[in-house]
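Notes for the one structure printed next.
Only the coordinates and a few stated rules stand behind these numbers; no lab work does. Because the structure is predicted, anything quoted here is derived from the model rather than measured. Virtual Cβ from ideal backbone geometry, glycine too; neighbours counted across all protein chains shown.
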Amino acid sequence: MRDFAIVKSIDGQKIEVVSLISDACLACNNIHCAKDGKSFHVLNKKNLPLQENNIIRIGFPRVLNGILGLISLFIPIASSVLGFLMTPYFAQKFEFTVTPSTEACMVGIFFVVSALVVFVISRTDIHLKQPEVLQVM
């Protein structure tokens with residue numbers, strides 16, 4: 001996440017911002033049109049000088065984005081391996097024979113399900129960490 005926002009209010013360490021709709025908003029001097037957006041809180045770990053109505057760049061640290069990217073790549077691959085290893089268990093439970101095609105189907109099913117789970121989680125507003133102020137524009 002690397003987006004732009006407008007500082008709505010500052011109350012000590014609590015910084016409430018409203019995200020800008022698009023990059024086109026940066027060229028616009030009318031900041032009131034973006035106030036209809038959803039407001040949320042950000043962190044100012046760099047202690048940048050902020051004032052109300054400042055346009056800021058927000059996002060997560062690059063290291064965190066890299067780690068989340070690796071996790072989202074690792075989970076479907078690990079699930080595929082798990083699907084391969086669980087094929088004999090499901091074959092015994094649902095009474096079918098283990099063949100290379102059933103193993104491939106199980107790998108595919110586990111991969112698709114885990115990839116869908118990663119996709120759905122990445123599209124929600126659930127974040128383990130609050131975004132940070134990266135730059136004052």
What's the extension gain from SER9 to ARG123 if we count 0.36 nm per residue and subtract their Cα-Cα distance? 38.4 nm
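Arrange the peptides 93-104, 64-75 so that the one whose residues have, on average, the most other Cβ atoms within 10 Å appears first. Provide the component values of the computation, followed by the final result.
On the way: 93-104: 10.4, 64-75: 12.2.
Final packing ranking: 64-75, 93-104.
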If each residue of separation counts as 0.36 nm, what is the full-extension length gain between ASN65 and PHE90 once their alpha-carbon separation is subtracted? 5.4 nm
Sequence-distant residues sharing a close amide H with PHE4 (under 5 Å, placed H): LEU20, ILE58
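Computed over the Cα atoms of segment 91-137, what is the convex hull's projected area averaged over all directions, in nm²? Write down the numbers at each step before the final one.
Details: hull surface 24.0 nm².
Value for segment 91-137: 6.0 nm².
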For the ranges 109-120, 43-54, what's the packing order if you count other beta-carbon atoms within 10 Å of each residue, average per peptide, and put the highest first? 109-120, 43-54
Computed ³J(HN,Hα) along segment 52-63: with the Karplus parameters 6.51/-1.76/1.60, θ = phi - 60°, integer Hz and x for glycine or proline, the list is 4, 6, 5, 8, 10, 9, 10, x, 9, x, 4, 5
Ordered by residue, what ³J(HN,Hα) values in Hz, to whole numbers, does segment 74-85 give under the Karplus form 6.51 cos²θ - 1.76 cosθ + 1.60, where θ = phi - 60° and Gly and Pro are x? 6, 4, x, 5, 5, 5, 5, 5, 4, x, 5, 6
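What is the gain in length, in nm to one decimal, between PHE74 and MET137 on full extension, counting 0.36 nm per residue of separation less the C-alpha to C-alpha distance?
Numbers: separation 63, 0.36 × 63 = 22.68 nm, distance 3.60 nm.
Using 0.36 nm per residue and subtracting the Cα-Cα distance, I get 19.1 nm.
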